[in-house]
Every structure is written in structure tokens, then in C-alpha cells.
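This report refers to the structure that appears directly beneath it.
The values are calculated or read from the model by the stated rules, or taken from the named source; none is laboratory data. Note that the structure is predicted; figures quoted are calculated from it, not measured. When we count neighbours, we look across all protein chains shown, and the Cβ atoms used for this are built from the backbone with ideal geometry, even at glycine. Only protein heavy atoms, including side chains, enter the accessible area calculation; ligands, DNA and RNA are left aside. Shrake-Rupley method; radii C 1.70, N 1.55, O 1.52, S 1.80 Å.
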Amino acid sequence: MKIVICLKQVPATNDTKIDPETKRIIREGVKAILNPFDTYAVEEAIQLRDKFGGEVIALSMGPPKAEEILKEALALGVDRAILLSDRAFGGSDTWATSYALAKAIKKISDVDLVICGKQAIDGDTAQVGPGIAAHLGWSQATYVMAIEEVSSFFIRVKRMHEDGYDICEMPFPVVITVVKDINIPRVPTLKGRLASLKKEIPIWKPKDIKVDKSKIGLDGSPTRVVKIEPPKPRHINTKKIEGSAPECARSLLRELRLRNII
Amino acid sequence: MKAFTDLEKKEYHNIWVVAEVLSGEIQTVTYELLGVARTLANLKKSEVWVVVMGYNLEEKLKSFFEYGADVVILVDNPVLFGFIDELEAKTIKRLITKYKPEVVICGATSRGRALIPRVAVMTYSGLTADCTGLSIDSENGDLLQTRPAFGGNIMATIRSSHHRPQMATIRPRVMRLPSPDFGRTGRIVKEKVYFGDTKKIKRIISIFHDTETAVNLADAQIIISGGRGMKGPKGFNLLKKFAEKVGGAAVGASRAAVDAGWISYAHQIGQTGQTVQTKVYIACGISGQIQHLVGMQSCDLIIAIDQNPNTPMMQIADIAVVGDVFEIIPEIIKEITTL
Amino acid sequence: MLHHIRNRTYLVEVLPPKQDSENLEADLEKFSHRYLRVINSGYCVCITDNTMGHLSFQGSEIIEEFELPVLPEQVMIHLNTFHRKDDLDNILNTCKYKGIKYLLVVTGDGSIRLPKLRPVDLDFADADSITSVELLKYLNSEYAGIFVTGVAFNPYEPEEHEFEKMDRKIKAGAKFIITQPLLGRNKVIDKLLKKYPEIPVFVEAWMSKNLTLLSEAIGYELPERKDFDPIANLKMLHKLYPGCGVYLSLLKFKTQYDLLKDTWI
């Protein structure tokens, strides 16, 4: 089985702030990490390869620095990695991103399965996985919590929904997005990390994947961010309760009773 | 693809809501979306349309009109009982090409978030996920979509000026449920499923309802939620006891507590967990990182209990109780018991 | 571990390189250098396990990869509950194979990238979660007789709760105790020593001047002291707790290490 995993480098969100003057996101000094949801995609792909044979290819689009997360994937045990990186890709929204990734997957060729994390923690859109499937015209399954069965023709998965789950079967090729229930991701070993330092990661440019240039980057993106600002604070007058524990408990219960809550 | 000209844009009218149907039942989020769609349609002087896909729904359409729809497009077929993304996406694409809506909104549910991105790619439309606010630009009539990004640390306003339709998903319980107008009626349009190449279609093998084990944070009136300050699983046992005593209360948790393994992910509230909008939210030992706040700050009454009076949570709370959760909560339990 | 106290053997904490290290090879070299320095001075090197949830390499794998010498009395590995079951067994088997005998078993800190051991992993279906107590029980049944296991004691947590937990840790097979950093006499530690006279206790000496960091590490606000002198504090701890061993955390190898030979007298 030939598996592509789509990975994204994201800022560790706890650190993300807006510069109050320029209203821009402060990126300096912010740590960049492999999107936590993507670690489940890496783990699932490695487990599938170890069980059924084949190859796992890690794919990412981003600045040259995004090579770091591909190195991490190599350290974890994927076979090879490819980075889509070029100024022309800059400013891509989820439409243009999924288009470029789909084109790269086509170029990799003979891919059976694409696995993505359910969403990235910076954008939180969950749109790129289904977007890739749509661009490729493949079947998709999102929020996959288990792979139930794999045959030479089809894959059977368990999808999570708000009211339970369902089991569905699709013929290959397929795009799936996975949730954290699917596995427990490994952490890189020292041996794996040292080996990954020696591996080369090819960088693909727009011409390498034969994209229509009007469909990538900012120009290819239907959406535009027109404004960013810090969230509005909740407007309230806080009532403070202090004192001994029994006093606090009684005062709080009094407040709740006044509001007919208890 | 070329940008739409103003003339081409003018061919697109009306605000569409894609209904959320689970096992033959229309979900509340649909009515919440109808509320905001109605507001937008009034501004645009256009209509609200609902697209409903499922099986055996004909009897259930009345409520759409009561909550603000003018037209319902019904696609009723047994094959739509389970969720087949590919089929529903193709069908919606067809309807969009036929009727040219200006705006399409959909619940940011597991189904909506699988379906709409696929449709957006197929129709080359701009799509914004998890919007918390929608408005109309008074100058050019574009849809302005506001959403949290970077774990809620940032609110971004997004538009899609040169493509139609403009698409957005909205999480359940973010928009207020409008009051129904029981006399209201409207028009029903029936459409067919678009099958295309059936060989490659997904097969639903089985559907399981698992509401018993699901933690029903959404339906609770009161949520008692714990964070790092609860110090371990025992702390959460205390909260469970508290919730039992209060009655009808559910237990929630911050990401820190879930990551530490003190309580399962199903309880997590915040950007990467659930969004809740309960009457009362009692935060116990939760410092209130922004990722958590975006998931609960529209609750009606927020109560925080914490030793440190200066945490973000204590600042945004309506009632801030300063003290040790391990002393105060047992006292509350005792007081309620002796009532 | 009584002989560590009798022979005045410091337990010296050494942090392994982080997974996201910018210069891994240099960091590994620094680690090896510190490791060998501690071993050569006759002290016991103590290697942490993803402290504060920061993803780091395991001491056992570095020892194996670089074939660092293991003198059983001079190497201690921290082990927390944030591992996959297969990784946990890998670590333990490497330790066993390399002759690493001392394990400090702690609950530890998690992070988004660190998997937590689940009750089913260690056959504790009834437990809510795996803490140091369950991990101790597992070690002392699955790896019986191979390791000497120690535990941590935090005098800054509610006392009753901490003592109750210590009882369970001792029952689960804890053979020595390492405390959180002390900045002077501590009444809770005095009680601990009285309660377990037969168990070797090592008090932790905080060797950094940065007390804010210490407050963060123990989750308890310590009074700010601009003039904090780690070496003076260490000497005082020896005087206050002559029957205890000492665990040195955040030791400055450049400036403080050579001073150690005159402190425990």
C-alpha cells in the first residue's frame, strides 16, 4: 500500500499573540511544531505499512523551515518526505492548499491512501482533507476513529459523529482524516532522529507538480482575511466572594438561589 | 479560475442553510442557522432557503418555515439515510449550479465539516470554518465572516469577494435560537439525488447510536468544570459528586486536565473540545487560557472558584469565589445535602 | 541506597537533550560529557524523564547509543507515567540489559505530545488513571528483583494527602525517597523522617539562583529572594539533615561542580 500523509507545521498556540500596534500575529520567538492532530496520521500510516507492507510518504506545504516537521516524521519512521515550498504558494487558503497538495499526490502517483489529521490547531478549519479528496475526485472519510479492515480493493473505517459512529466501506483510492481515538502516537527515538538528520528532503516547486498558477497562492484563494484583532473581552462586573470555606460556600449558594438555579 | 464580474455576481441570490439531519431528526443547529440566515436575508432583501437531504422527512418540514425559511428544497431518498459525503456533495453542487445562491451556511458538525469543504472545492467557492459572526458589508454587499483562529487568540474577519456562493460553517450553540413563528409557511421544492458514477460510491455498513456513553455537555443546564487546579482524578471525583448534588449538571474539563489523563476527552471544553452555552458554568481550578474561554464564554452565568484571584477565568467570571476548591466544594456539597 | 548517604555520594541530576534541540549532536556531546564527569567523581548521575512535559530523549537510549559506562551504583533513571506501554517496556529492558538498577518512579507531567499510560496497559482495570503507585506495582511484579525503586515526596502539597500517598507508595515497593527542593528546615520533612526512619531520604537542593522557576516547578509560590545562594543553601541542608542524602537539581557544571567536594563534610 502506498500511503501519503499530509502534515502541517503550526505555531504552538499557547504562545500566539497579536501585536497591539500593528495588529499582526507575532511570529518571532514562537515555537513551531508538528500539528498535534497530524501525529495520529503519522502513527496510523506507519502501523498500516508495518502490517500490510508498502511505503509511507510525508508531504507538507510551507516555508523552508517546515522541513523540521518532515524530519520529525522521518525520525518516527516514514520512508521519505517531500516539501512543497515556493513563494508562489504563499497566502494559500484551504482551497488553494488542498489543490496544491492534490497535485503533489498526483505526481507521487499510484497512491492508495491519503491520511490527514482531523484539523490543524492554528486554522482549525478541517477543510484541507476533504478538499484534497474533492480535487482528486476520490472518496473520503472524516473523523475516522478506527480502520476496521483493509483489502486489496477497499478500506472499511469507523467514523465518529456527534450521536455515535458509523462504519463505511470505500474503494481505493481514499482520503481519510483521523481523530485522536485512532491510536497512541509514538515519540521519536534517538536512533530514528539521528538517522533522519542524514536524509535529504526534496523541495517541489509549482512547475514540478504542474499546477495551474492561477489556482495557487493568494491569487488562487477565494477567501481573503481582511482584518485580524484580539477577541473582545467579555463585559462583566465580577462579584467577588471571599472568606472561610463555609462562608464562601454559603454565599455562593445564596447567589445561586437568588437566581433560581438551585 | 477567473474572478466573478459584478454582473456575474448579481446572478446569485438568497441565503441557503444546509439542514443537519441525524437519523431522520432535524437538529437544533439548523434552526440556529435559520435565525442568522433570516437576519442576512433581510439585509439583502432576499430569501432564506433550506436544503434538506435525508429519508422520510416530508412530514418534518413545517418547522423550517416557523424558524424563518421561505423555501425548502427537499431531497428525499432512502440512500440518504446514512451519510455519504460524495453523494451529498454532488447533489448540492447541482443545486447550486441550478439555483445560484449567494450564501450557503452549514452547521460545523462532523457531517457539515466533511460535506461543505468538498462542495466548496467543486464549486470554487470561498469557505470559512467555524464562524462566530456573519454580517453584510454595507458598501458592496459581501458576506463578512468572523472566526477565531490560532486557538482563539485571534479573531479574523474573512470575505470572499470574487466568488459565489460565499460559504461558511457555524458551530452548534454559537448562534442564538430564534423564537418560532407558528403561523409561518413557505414553498417546498423537491429535487433528486445526483448519483453519477455509482461504482465508486461509499457503502454505509452500519450506524451506531452511542448517546449513552456520550457526555452530554450540550444539553446540560449547568456545567461544573475542572482544570489543572483539581490536581488529579480524585479532584474530578469531587466534581462528579458536586454535579450529582446539584442535579442535572454535567462535568466538563479544560485541556490541561484531559491531557493529564484525569478525565476523558469527551469532557473537554474549548477550542479543541466542545463549545458550550449553558445557563451556568462553574469553573473550578481553571486558569482560563483563551482556548478554554472561547468554548464557554457565552454561557449566561460564569462562576469561578480558584485560590488565585488574578487568573483570566476569575477576571471574566460573574462570580469569583476566592479559595481552595478542595475546601469550598465539600462545604457546598454539605450545605446542599442538609437543605 | 543507604550507602549513598554513608559514602557522601551526591545524586546529580542531568537533563537529557530535548527532542526539538536545534543542535542535537552538540547537546548529546554535552550530555555525555556531564554524565562521564559525574561518574568519574564517584557521584550518582540521575537522568530525568521529560521534565515539565518537555519531550526529551530517554537516558537509557543515550546510554545505549553512545555506549556510556554504567556503574550500577552510580546511575539512576527517572521514570514517569507518560509513555506508551511498548516504549515503557523498551526503556525497562534497556535498563535491565545495561545494568541500570535505580529507578525514580514519578507520576510526571504530560503534554500534548506525551502519551499517558492507560490503566488497561498495566492491568489496572479499576484504577482511574496510572500514577506512580500503579507504575511501582507494575515494576515490582513484572520486573521483580531487578530494580530498586524510589519515589518523590512533595512537602508543598497538602500534607495529609501526601502522607497518605506515601503510604501507598511504600506498600507498592518504594525503597527510597527524594524530596522536592528545600530552602531550609521543613516541618513536613521532619515528620517524614520520623515516620519512615528505615527508608533512605534524599533532600533536593535547588542549585539555580532562579527561585521563580522553582515556584513553577513545584506549583507553589515561594517567597522571592534576590540573594539566594545555592551553595550556602546546600551546606545548610547538610547541617539540618545530616542523616539524609542530597539530590542536586539544575547544578551549574561550569561554576558549581568543583565546589561540591568541600560541601558535604
So which residues in the range C:53-92 end up with at least 50 square angstrom less accessible surface once the other protein chains are there, compared with the chain by itself, probe 1.4 angstrom? C:65, C:84
Unit charges on C-beta of K, R, D, E only; dipole of chain B, Debye: 960 debye
Quick note, the range B:6-197: a/c under 1.5 would make it rounded; otherwise a/b > b/c is prolate and the rest oblate (a ≥ b ≥ c, C-alpha gyration tensor); here it is rounded
Roll a 1.4 Å probe over the protein chains and send me the accessible area per residue for the range A:2-215 in Å². 39 Å²
Counting only residues 5 or more places away or on other chains, whose amide H sits under 5 Å from the amide H of residue B:20 once H atoms are built in the peptide plane? B:27, B:30
Mean Cβ neighbour count within 10 Å, used as a protection proxy, ranking A:204-211, B:315-322, C:221-228 highest first: B:315-322, A:204-211, C:221-228
For residue C:12, distant residues with modelled amide H under 5 Å away: C:44, C:45, C:46, C:248
With every protein chain kept in place and ligands, DNA and RNA left out, what is the accessible area per residue of the range B:222-338? Probe 1.4 Å, answer in Å². 33 Å²
For the range C:29-37, what does the Karplus curve 6.51 cos²θ - 1.76 cosθ + 1.60, with θ = phi - 60°, yield as ³J(HN,Hα) per residue in whole Hz, taken in order and with x for Gly and Pro? 5, 4, 4, 4, 4, 5, 4, 5, 4
Could you derive backbone 3J(HN,Hα) for the range C:88-101 from the dihedral phi with the Karplus parameters 6.51, -1.76 and 1.60 (θ = phi - 60°), listing whole Hz in sequence and x where the residue is Gly or Pro? 4, 5, 4, 4, 5, 5, 4, 4, 4, 5, 7, x, 7, 9
In square angstrom and rounded to 100, what buried accessible area do you get between chains B and A, total over both, with the probe at 1.4 Å? 6900 Å²
Using the Cα gyration tensor of the range B:222-338, with a ≥ b ≥ c the square roots of its eigenvalues, what is the shape: rounded (a/c below 1.5), prolate (a/b larger than b/c) or oblate (neither)? rounded
Please compute, for peptide A:216-226, the average count of beta-carbon atoms on other protein chains lying within 10 Å of each residue's beta-carbon. 6
Accessible carbon and sulfur surface of the range B:6-197 relative to its total accessible area, %, 1.4 Å: 50 percent
Expressed as a whole percentage, what fraction of the accessible surface of chain A belongs to carbon and sulfur atoms when a 1.4 Å probe is rolled over the protein heavy atoms? 50 percent
Rounded tilt (10° steps) of A:245-258 against the dominant C-alpha axis of chain A: 90 degrees
Could you give the accessible area per residue of chain C, probe 1.4 Å, as a whole number in Å²? 46 Å²
Using only atoms on other chains, find how many Cβ atoms lie within 10 Å of each Cβ of peptide A:90-98 and report the average. 3
Which order do the peptides C:173-186, B:137-150, A:113-126 come out in when sorted by mean C-beta neighbours inside 10 angstrom, highest first? A:113-126, C:173-186, B:137-150
For peptide A:133-139, the mean count of other chain Cβ atoms within 10 Å per residue Cβ is 5
Out of A:128, A:178, A:30, a Gaussian network model of chain A with alpha-carbon springs under 10 Å gives the largest mean-square fluctuation to A:30
Among rounded, prolate and oblate, which fits the range B:146-195 when a ≥ b ≥ c are the square roots of the eigenvalues of its C-alpha gyration tensor, a/c under 1.5 means rounded, and a/b larger than b/c means prolate? oblate
Label point 7 Å beyond Cα of residue B:266 along Cβ direction - residues of the range A:173-191 with amide nitrogen under 16 Å: A:180-182
Area buried, chain C against chain B - accessible surface, total, 1.4 angstrom probe, square angstrom: 600 Å²
I'd like to compare C:50-60, B:157-167: which one has the highest average count of other Cβ atoms within 10 Å, and what's the full order after that? B:157-167, C:50-60
Using a Förster distance of 22 Å, the FRET efficiency for residue C:111-residue C:224 (Cβ separation, nearest 0.05): 0.20
Expected output for the range B:312-335, residues with a loss of 30 Å² or more in accessible area relative to the chain alone at probe 1.4 Å, reads B:316, B:318, B:319, B:320, B:321, B:322, B:328, B:331, B:332, B:335
Taking 0.36 nm per residue of sequence separation and subtracting the Cα-Cα distance, how much length would be gained by fully extending the chain between residue C:141 and residue C:168, in nm to one decimal? 8.2 nm
Leaving out ligands, DNA and RNA, calculate the buried accessible area for the pair C and A with a 1.4 Å probe, summed over both sides, in Å² to the nearest 100. 1600 Å²
Of all accessible heavy-atom area on the range B:222-338, the percent that carbon and sulfur account for (1.4 Å): 51 percent
Quick one: what are the phi-derived ³J(HN,Hα) couplings along the range A:179-190, Karplus 6.51/-1.76/1.60 with θ = phi - 60°, whole Hz, x for glycine and proline? 9, 5, 5, 6, 6, 10, x, 6, 10, x, 8, 4
